[in-house]
Amino acid sequence: MKRMRNSDTGAARRTGFGRALEQSAREILSHVKGDSKLPVRRVVLPDQVDVKRIRTRAGMSQAEFARAFCINPRTGHVEVFKHLFEGRRFQISG
């Protein structure tokens, strides 16, 4: 079992990525508390998605597409997977 390092120790051994991650966490906390404002991006998703069309336009095989988006056809999402690759449209529920 790995031991968690005390946050006060090992500061000299932190990587650039680790320091950037800590800074990001501080910025998010400040934003959540209302002390600062972060830029916000709003994305509106369509009600229906034609995954087969997207995949074919991207020039990807079903296997490549599945790997790129972490879709595992062998897990519990078999019906969704079939819908995606048979080209059937389906409703996205929020």
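The values are calculated or read from the model by the stated rules, or taken from the named source; none is laboratory data. Predicted model, so just to flag it, every value in this text is computed and none were measured. Don't worry about glycine lacking a Cβ; one is built from the backbone with ideal geometry, like all the others, and counts go over all protein chains shown.
Summary table
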| read-out | value |
| --- | --- |
| Conditions (1) among the hydrophobic types (A, V, I, L, M, F, W, C); (2) assigned to a helix (DSSP H, G or I); (3) within 20 Å of the chain's Cα centre (by Cα); number of the one not met by residue 44 | (2) |
| Residue list for region 36-84, filter: at pLDDT below 80, exposed (fewer than 10 other Cβ atoms within 10 Å of the Cβ), of a type in the set (A, V, I, L, M, F, W, C) and on the phi < 0 side of the Ramachandran plot | 45 |
| Flag for residue 87 being modelled with pLDDT under 80, assigned to a loop (DSSP other than H, G, I, E, B) and under 30 Å from residue 25 (Cα atoms) | no |
| In region 6-35, residue modelled with the lowest pLDDT [restricted to those that are exposed (fewer than 10 other Cβ atoms within 10 Å of the Cβ) and basic (Lys, Arg)] | 13 |
